[in-house]
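Visitor: Take this structure, written in structure tokens, and hold onto it; I'll ask about it next.
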Amino acid sequence: MKNTYESPLCSRYASSEMQYIFSPDKKFTTWHKLWIALARAEMRLGLPVTQEQVSEMEAHAQVVDYEYAAEMEKKLRHDVMAHVHAFGRQCPKAMPIIHLGATSCYVGDNTDIIIMREGLELIRSELVNTISRLAAFADKYKSVPTLGFTHFQPAQLTTVGKRATLWINDLLLDLDEVNYRIASLKLLGSKGTTGTQASFLELFDGDHSKCVELERLIAEEMGFEACVPVSGQTYSRKIDAAVLATLSGIAQSAGKFATDMRLLSHEKELEEPFETNQIGSSAMPYKRNPMRCERICSLARYVIVDAQNPALTSYNQWFERTLDDSANKRISVPEAFLAVDSMLNIYLNVASGIKVYEKVIEKHLAEELPFMATENIMMDAVKKGGDRQALHERIRVHSIAAGAVVKEQGLPNDLVKRIASDPLFGLDEQEIMASLDAVKYVGRSPEQVTEFLAKDVKPVLESYAHLLSENNGELKV
């Protein structure tokens, strides 16, 4: 159907893997698994739940009766109870014990934690592969001098590869954050309507140990080490805020990389992949717009703003719970994951095919290097008996004059000729040109790249070797 709104995050951007994680099938089959885990644990702890009932639920765990659930939700105005009835219709023998002792957040919140963890695991894989591509790029170009910029004004030289390590380092910080989030996520467990487990304490005739064991069994079956120690009806919404803050951090890193690439594309030094039949502009056939990096920036901005949603939700939760989180949470959390997934796929695509125009880089170096070499030129002149202070002033004057020639007349930088023709320096043009070897001005850039890749990047890539793939990212459209 094309007469109803569809999210561009699904139709244009996010991967099928991330879309599945946040799909109705994933959500509601996880609800079924949680009801099965609850029933199995209650059976083991002596409640009137039979193996026949558990087996019946297991047989229908992957089947969701969406039509009947929709019919019941329209009637009951309650999504969880609608699916209780839909699952119970599939499992008539188990119907009396489905959701026994639980509140809606038992399936809702526990499922959200499970889904966020799986989403973060997919993002971790995408981060590792992007780091891998950038590491190869940094190593290849670690010794290629290029202009460094501060305030987007030419500064001391760096290398193409050294600049790439800055992008990698940001992603390593993000990877640490993702790993922390994955490790720290805990299920809500079976806490009841206000987090007191009163309904379960009643079911177990006042046996507190069985309430504790119930949560342990559920967590174990769902693949978690523990449940949150205390809660109201929901897990703390600070968890959503923390997860989206981590996603926002990734958006910041991706956006910074993409912005650098857009600026370097303007300088014609670096360029993102551009396909044979790709059109840069509908009006200007010659255009090669950096559309991939622009898309990254666009999505990054969305995620950074979206991360405010759970933060505002968290502070506004009343006492043991309020429902003004629900509609917002259904939108803000999945969309953050879908957008970051899309960004990282594009980032991987760009990082796998960055084009470097070394001749243009050399041209820009030639335009600026005479200014940057003035200190070395001055030292050479001092070695020949010159007065350092007098030479400094004369270089200042010549530099201003040469700069005016470049800016006002559009002519090449003539600083070298000016200095060579000034008898105060006692240097000919050949001697001055010897000072203009760009490699002399990159500091430890090549060595820093080598050290960084060996000490900081290689161990990470080795530890996640099982996540590395030949996939170079893709654009859906």
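Quick note: the coordinates plus some simple rules give every number you see, no bench work behind them. Keep in mind it's a predicted model, so treat the numbers as computed, not measured. Here the Cβ positions follow ideal geometry from the backbone for every residue, glycine too, while neighbour counts run over all protein chains shown.
Visitor: Only residues of segment 205-224 count here: report those whose backbone N is under 17 Å from the spot 7 Å along Cα→Cβ of HIS466, or say none.
Guide: Residues 223-224 fall inside that zone.
Visitor: Magnitude of the Cβ-charge dipole of the chain, K/R +1 and D/E -1, about the Cα centre, nearest 20 debye?
Guide: Magnitude of the dipole: close to 740 debye.
Visitor: Ok, one more. Using 0.36 nm per residue, how much length does the chain from LYS476 to GLU429 gain when fully extended, once their Cα-Cα distance is taken away?
Guide: Going from the current span to full extension adds 11.4 nm.
Visitor: Aspartates and glutamates near LYS440 by alpha-carbon distance under 20 Å, same-chain residues fewer than 8 away left out - which ones?
Guide: Partners within reach: ASP139, GLU358, GLU362, GLU367, GLU368, GLU375, ASP380, ASP428, GLU429, GLU431, GLU451.
Visitor: Ok, one more. Take the alpha carbon atoms of segment 73-114, find their center, do the same for segment 137-152, and report the distance between the two centers in whole angstrom.
Guide: With segment 73-114 and segment 137-152 each reduced to a Cα centre, they are spaced 57 Å.
Visitor: Using just the helices of the chain, give the 222 nm mean residue ellipticity in deg cm²/dmol: DSSP H runs with n ≥ 4 each add -39,500 (n - 2.57), and the total is spread over all residues, rounded to 500.
Guide: Estimated from H runs of four or more residues: -20000 deg cm²/dmol.
Visitor: Quick check: pseudo-label points 7 Å beyond the Cα along Cα→Cβ at LYS75 and PHE149, how many nm apart are they?
Guide: 6.4 nm
Visitor: Give me the compactness ratio for segment 168-215, meaning the Cα radius of gyration over 2.2 N^0.38 Å.
Guide: That works out to 1.88 for segment 168-215.
Visitor: Looking at segment 295-409, I'd like the Rg to Rh ratio, where Rg is from alpha-carbon atoms and Rh is Kirkwood's inverse mean 1/r.
Guide: That ratio equals 1.39.
Visitor: Please report, in cubic angstrom per residue, the volume enclosed by the convex hull of the alpha-carbon atoms of the chain.
Guide: Output value, Cα hull per residue: 201 Å³.
Visitor: Please identify the chymotrypsin sites (Phe, Trp or Tyr not before Pro) of segment 121-192 that satisfy two criteria: DSSP loop assignment and at most 12 other Cβ atoms within 10 Å. Which are they?
Guide: Counting only loop positions with at most 12 other Cβ atoms within 10 Å, the chymotrypsin sites (Phe, Trp or Tyr not before Pro) in segment 121-192 are PHE152.
Visitor: Separate question: Which chymotrypsin sites (Phe, Trp or Tyr not before Pro) in segment 285-341 sit in a loop by DSSP (not H, G, I, E or B) and have at most 15 other Cβ atoms within 10 Å of their own Cβ? Display every interim value, and only then the final one.
Guide: Numbers: sites: TYR286, TYR302, TYR315, TRP318, PHE319, PHE337; in loops: TYR286, TRP318, PHE319.
In loop regions of segment 285-341 (DSSP not H, G, I, E or B), the sparsely surrounded chymotrypsin sites (Phe, Trp or Tyr not before Pro) are TYR286, TRP318, PHE319.
Visitor: Name the residue from PRO290, SER11, VAL243 whose Cα lies farthest towards the positive end of the charge dipole of the chain, charges +1 on Cβ of Lys and Arg and -1 on Cβ of Asp and Glu.
Guide: PRO290
Visitor: Can I ask one more? Alpha carbon centre of segment 190-241 versus segment 408-443: separation in Å?
Guide: If we compute the Cα centre of each part, the gap is 74 Å.
Visitor: Between GLU451 and ARG89, how high is the FRET efficiency from 1/(1 + (r/R0)^6) when r is the Cβ-Cβ distance and R₀ = 60 Å? Nearest 0.05.
Guide: 0.40
Visitor: If you line up the long axis of helix 358-372 against the longest principal axis of the chain, both from Cα atoms, how many degrees apart are they, to the nearest 10?
Guide: With rounding to tens, the tilt is 60 degrees.
Visitor: Given Cα pairs under 8 Å that are at least 6 residues apart, what percent is the relative contact order of the chain?
Guide: 19 percent
Visitor: Take the Cβ-Cβ distance between MET43 and ARG444 as r, set R0 to 45 Å, and report the resulting FRET efficiency rounded to the nearest 0.05. Provide the component values of the computation, followed by the final result.
Guide: On the way: r = 65 Å, r/R0 = 1.45.
FRET efficiency, MET43 to ARG444: 0.10.
Visitor: Now for a separate question. Which entries of LYS140/LYS355; LYS268/LYS417; LYS33/LYS329 show an alpha-carbon separation above 19 angstrom in the structure shown?
Guide: LYS268/LYS417; LYS33/LYS329
Visitor: If you don't mind, another one. With a Förster radius of 45 Å, plug the Cβ-Cβ distance of SER7 and GLU362 into 1/(1 + (r/R0)^6) and report the FRET value to the nearest 0.05. Intermediate values should be presented prior to the final figure.
Guide: On the way: r = 46 Å, r/R0 = 1.02.
It comes to 0.45.
Visitor: Select from segment 359-445 those trypsin sites (Lys or Arg not before Pro) which occupy a DSSP coil region and have at most 11 other Cβ atoms within 10 Å, ordered by residue number.
Guide: LYS384, ARG444
Visitor: Evaluated at 25 °C with a viscosity of 0.890 mPa s, what Stokes-Einstein diffusion coefficient in µm²/s does segment 23-100 have when Rh comes from the Kirkwood expression over alpha-carbon pairs? All intermediate terms of the calculation are to be shown ahead of the outcome.
Guide: On the way: Rh = 12.4 Å.
Answer, rounded: 198 µm²/s.
Visitor: Mean separation of Cα pairs under 8 Å and 6+ residues apart, divided by the residue count of segment 23-100: what relative contact order is that in percent?
Guide: Over segment 23-100, the number comes to 32 percent.
Visitor: Using only alpha carbon positions, build the gyration tensor of segment 359-441, then give the equivalent ellipsoid semi-axes as the square roots of 5 times its eigenvalues, largest first, whole angstrom.
Guide: Semi-axis lengths for segment 359-441 are 21, 15, 10 Å.
Visitor: Let me ask something else about it. Can you pull the one-decimal nm distance between simple spin-label points at GLU202 and SER184, each 7 Å off the Cα toward Cβ?
Guide: For GLU202 paired with SER184, the spin-label model returns 3.6 nm.
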